[in-house]
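Inspection log for the structure reproduced underneath, given as structure tokens.
The values are calculated or read from the model by the stated rules, or taken from the named source; none is laboratory data. Here the structure is a predicted model, which is why all the values come from computation and not from measurement. Cβ sites come from the backbone with ideal geometry, for glycine too, and all protein chains shown count toward neighbours. Areas reflect the complete protein model, heavy atoms only, side chains present, ligands, DNA and RNA absent. Shrake-Rupley method; radii C 1.70, N 1.55, O 1.52, S 1.80 Å.
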Amino acid sequence: MQRRGGKRIRMDEPPPEYENPMTPQVESDGYGGYHGNLYGNEAYVEQAGTSSSDGMFESPPTPGMRRITRSKARGQTNLPPPIAPSYSPTNTGTTTKGRGRGRPPGRKNHIEGGTEDETSLYHYIKNSKVSLTNIVDEWIESYKVNRESALIALMQFFINAAGCKGRITQHMQATMEHAAIIRRMTEEFDEESGEYPLIMAGQTWKKFRQNFCDFVQTLVKQCQYSIIYDQFLMDNVISLLTGLSDSQVRAFRHTATLGAMKLMTALVDVALTVSVNLDNTQRQYEAERQKTREKRASDRLEALLGKRQELEENMDEIKNMLTYMFKSVFVHRYRDTLPEIRAIAMTEIGVWMHKFHANFLDDSYLKYIGWTLHDKVGEVRLRCLQALQPLYASEELKGKLELFTNKFKDRIVAMTLDKEYDVAVQAVKLVISILKHHHEILTDKDCEHVYELVYSSHRAVAQAAGEFLNERLFQPGDVDVGKTKRGKRRLPNTPFIRDLVQFFIESELHEHAAYLVDSLIESNSMMKDWECMTDLLLEEPGPQEEPLDNRQETSLIEIMVCCIKQAATGEAPVGRGPTRRVSSLREMKQAGEDKQKLTEHFIVSLPPLLDKYAADPEKLANLLSIPQYFDLDLYTSGRQEGSLQSLLVKLKHIAQVHHEPEVLETLAKTLEILCTEGHSIYTRCDVARSTIVDMIVVSYKEAIDDWRNLLLGEETPNADEIFNVVSSLKKVSMFYACHNLNQWNLWSTLFQDVKDTDSVLPPDALKYSLSACFYCLLWGLRGLEVQHEGGGLTGSGIQEMRQRLDEFIEAAQMLIRCSPHNSIKEEAYVCLCDLLIVFSEQLSSTAPALAELICQPDRNLQALLNEFVQSYVFVPEQNAEHDEHRIEELHKRRNFLAAYCKLIVYNIMPTKAAADIFKHYVKYYNEYGDIIKATLSKAREINKVNCALTMCLSLNMIFHEVQKLSSGKSTRQNEEFFALKL
């Protein structure tokens, strides 16, 4: 701890506040630090063990507030008295702080604008023509010959590295203090640009920045045994960098701070070397001193004593340098207005603490990182967390971090929700380290904060939270995993999978299992332990085990299927983070191996799972999707034809007895995958498919015939007969979506009910009839395309398709106008929109012979679709009792709007048809703003003229709508809309 005026300074005390151009006033945030919104200089210098308000100095004006004049730059103003530090350079007179009143930060460097000295250090280091070690060695040789001129060359390097074209002469070095030299150099900046080497773009300047840092560290390393202790080189370099780092000129301040911080890091390395040598010398001295008088060598003892004293003096000298630079540079710059400078300070102090923890890992230094955790700039917060990472990863340093952890733990946990995802990831990793070494500090509430992040939309954050979950919940122990009822020993991951299922249930975020799986699948092997999962589902529990209840079984199956999907495809869930890059060869190889392993396991275990859960639609729907991720050729190569036959029999049984849409839809999709042409099992699966479809078609025909006969006999169908006709049509529609049923010639009987305006078919049955007719048209078009490719396309086929298409469009329009059931209107609307897309002008480009099938909506159809959108999309939101229902309804309305907007985007309907959509932009911004904006943008790309006309036509409507809606509310949406296109 440090003291100020006899008062003990604790970590939770805020740093002193003064009127300072770099330190605007801030408010305490309650964490013992500051909100990260305002930063600048410390207006004091802490002395060794004390700190006094006597260290205050007059502050220069705030950068950017007013222009720094030439007279002030030349020093025609009263400078504050110097502050006497604990370490003072010996050859520079009084210690000056380089208070050069330069130009405002951001003036152009630009040494490239003048003539660059090709013999200068700056030229060699920038162009990397010679290795840095050779450059340093040559400079050392020149220093030994003439240290004044060598020092000037080194000082000139730092001036040039800041982008200044001014030159330091021998006369200036001999007669002027560093503060005056800095003021002179300030006048050499150009006024036209804010660029300087450290911030300039391009590979050359990126490499220069690295070379700059490496040069400073190499220089100290090569000089560490003699020159740095000569009380000339380091005194002058430190004095110059200290003065430059306090300059109002941003380029000077940034460059000098980086140089000073890297210089400190290099000195830390020297201190470590000296410390090792000192320990070795002390051991040798003690060993020699403990020898008997006869064996003791007095000259060796004296030499060791002299060497020890020399090393102790060197260590004291280096510590004095470090202390001085820390108080003269770091303490001022860690709150600089420039975030890059604050980031440099945080990066380097972390290095010092990790390398030289005996000197720097102390609360008086840690507090600076703690305060800066609240910085307003994400990059600075990130550097703070990265600085703490290696400290918390070391068991040796655990004790020294205890007070810091107690004080700033809440802030670190809160940063797991940081708006900058990189910061959030590092915060989670830091919390993991705290959990490992200070687990007693984290409360259950703290852990819950991190638990929830496994469902984050950002993949890196979620996976970091998954690592935390592994550390907290899934650590191996001495728990007896138990045995099944038949004596089979449970696998080691059994208790962890049970815990995972319970965690998922308690999260109450069902339908998000894929996100939980993605968070854990790369860090926990249990996510691919297929045998363990299926044993839990199939094996009866032993006498010491609790059986899984219904909810646990459902959750386990859902998690297992998500694991299977991600393992086989290597794809993250939709919406998690940015679009993923192309998978690497290693990732593709891993996915292939995982796919083979899961196929080998589930080929055998899936049929019994389907048997056990045949009566549960929710579980069954998940289980039925598993074959979609199989390596199908393993059925043959692995000689598992019997398992395939068993699976196909079960699929037929499920298709016969189940009527739930989720089950039927998944079954149809799985059967489609199994019947993929080219696989060795195709023939057998195709036969099974034909059998299943025959069964479905026969069932439908029987049900519809019974229904029509009842109506002809003027009888009223009972509940069973209504159920039969609805369920049979549902199966036809679901299978039509994945399989071509046109060879069963169902069009006439299906369309009969669609076109009959007096049809008394149940609403659900009519909806499925409409959907089946739609798929019939699509499969018909596909058939014509195949015929065209084979050269067998006939005119009669096209005419028949054209007739069916016209009849269906007319019938669908009639249903939208006249049907009393919203579900029928909605289905007819979606079918019409999709057909207009499929049968658009793109047909003529793919197959010119199919141009006769192009459908162009007339004015009546355009008006009908627009009327539907106005009536069913732009409606006040109902107060639903359940959020789930409300979200589902909003999703449905968004699909309706997207279907309409696609017609405009693809130029199927004129752009002016969107006028009535655009006028709702402000009122329905939250619900549909993204769709409307995308439509507007895409429409302009396709047809700029029409789009401009449309905007002119609709401008009055939109303007009145905005005037009506914008009073008393934010105009962000209005401004965004008009700035976009108007």
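When the range 528-559 is limited to residues that are of a type in the set (A, V, I, L, M) and in contact (Cβ under 8 Å) with a residue 40 or more places away in the chain, the one that is most open to solvent (accessible area, probe 1.4 Å) turns out to be L538. Output yes when any residue across the range 875-894 is in contact with a helix residue (DSSP H, G or I) (Cβ under 6 Å, 6 or more places away or on another chain) and either closer than 18 Å to A915 by Cβ or of a type in the set (D, E, K, R) (or both), and no when none is. No, that holds for no residue. Only a single item in (1) at pLDDT below 95; (2) closer than 21 Å to L623 by Cα is not met by E677, and it is number (2).
Residues checked against (1) aliphatic (A, V, I, L, M); (2) assigned to a helix (DSSP H, G or I); (3) more than 28 Å from I140 (Cβ to Cβ); (4) in contact with a helix residue (DSSP H, G or I) (Cβ under 7 Å, 6 or more places away or on another chain):
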| site | (1), (2), (3), (4) |
| --- | --- |
| I182 | yes, yes, no, yes |
| M185 | yes, yes, no, yes |
| G194 | no, no, yes, no |
| F208 | no, yes, no, yes |
| F212 | no, yes, no, yes |
| F215 | no, yes, no, yes |
| Q222 | no, yes, no, yes |
| Y225 | no, no, no, no |
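A single member of R342, R300 is farther than 20 Å from T265 by Cα and part of a helix (DSSP H, G or I), and it is R300.
When L311 is tested against (1) surrounded by fewer than 17 Cβ atoms within 10 Å (Cβ to Cβ); (2) without any contact (Cβ under 8 Å) to a residue 60 or more places away in the chain, just one condition goes unmet, and that condition is (1). Within the range 728-752, the residues that satisfy the criterion of being surrounded by fewer than 23 Cβ atoms within 10 Å (Cβ to Cβ), without any contact (Cβ under 8 Å) to a residue 60 or more places away in the chain and assigned to a helix (DSSP H, G or I) are N742, Q743, W744, W747, S748, T749, Q752.
Only one entry of L766, L761, L805 meets the criterion of being at negative phi, assigned to a helix (DSSP H, G or I) and in contact with an Asp or Glu (Cβ under 9 Å, 6 or more places away or on another chain), and that entry is L766.
Apart from one condition, H254 fits all of (1) in contact (Cβ under 8 Å) with a residue 60 or more places away in the chain; (2) over 30 Å from E313 (Cα atoms); (3) part of a helix (DSSP H, G or I); (4) open to solvent by 20 Å² or more (accessible area, probe 1.4 Å); the exception is (4).
If you go through the range 454-469 and keep only what is open to solvent by 20 Å² or more (accessible area, probe 1.4 Å), in a helix (DSSP H, G or I) and of a type outside the set (G, A, S), you end up with Y455, R459, Q463, E467. Is there a residue being open to solvent by 10 Å² or more (accessible area, probe 1.4 Å) and not in a helix (DSSP H, G or I) anywhere in the range 690-700? No, the conditions are met nowhere in the range 690-700. Does G482 qualify as being surrounded by fewer than 22 Cβ atoms within 10 Å (Cβ to Cβ) and in contact with a helix residue (DSSP H, G or I) (Cβ under 9 Å, 6 or more places away or on another chain)? In short, yes. Selection within the range 893-939: residues that are of a type in the set (S, T, Y) and under 34 Å from the mean Cα position of the chain (by Cα). The member of this set that is surrounded by the fewest Cβ atoms within 10 Å (Cβ to Cβ) is S937. The lone criterion from (1) touching a residue at least 60 places away in the same chain (Cβ under 8 Å); (2) assigned to a helix (DSSP H, G or I) left unmet by A772 is number (1).
Kindly indicate whether S245 is within 20 Å of Q217 (Cβ to Cβ), of a type in the set (G, A, S), open to solvent by less than 10 Å² (accessible area, probe 1.4 Å) and at pLDDT 90 or above. In short, yes. The residues of the range 320-358 that are closer than 19 Å to K400 by Cα, among the aromatic types (F, W, Y) and open to solvent by less than 10 Å² (accessible area, probe 1.4 Å) amount to a single one, W352.
Only one entry of I369, I349, I344 meets the criterion of being touching a Cys at 6+ places or on another chain (Cβ under 6 Å), within 28 Å of I318 (Cα to Cα) and at pLDDT 95 or above, and that entry is I369. Do the conditions hold for D418, that is, is it touching a residue at least 12 places away in the same chain (Cβ under 8 Å) and buried (at least 18 other Cβ atoms within 10 Å of the Cβ)? Criteria met by D418. Screening L509 on (1) part of a loop (DSSP other than H, G, I, E, B); (2) touching a residue at least 60 places away in the same chain (Cβ under 8 Å) shows it passes everything except condition (2).
Checking the stated criteria, A568 turns out to be within 23 Å of E511 (Cα to Cα), aliphatic (A, V, I, L, M), touching a Phe, Trp or Tyr at 6+ places or on another chain (Cβ under 7 Å) and at pLDDT 90 or above. Looking at this structure, is K619 part of a helix (DSSP H, G or I), open to solvent by 20 Å² or more (accessible area, probe 1.4 Å) and out of contact with any strand residue (DSSP E or B) (no Cβ under 9 Å at 6 or more places or on another chain)? Against the criterion (part of a helix (DSSP H, G or I), open to solvent by 20 Å² or more (accessible area, probe 1.4 Å) and out of contact with any strand residue (DSSP E or B) (no Cβ under 9 Å at 6 or more places or on another chain)), K619 does not qualify. Name the residues in the range 391-439 that are closer than 21 Å to Y455 by Cα and not in a helix (DSSP H, G or I), would you? Scanning the range 391-439 gives D418, K419, E420.
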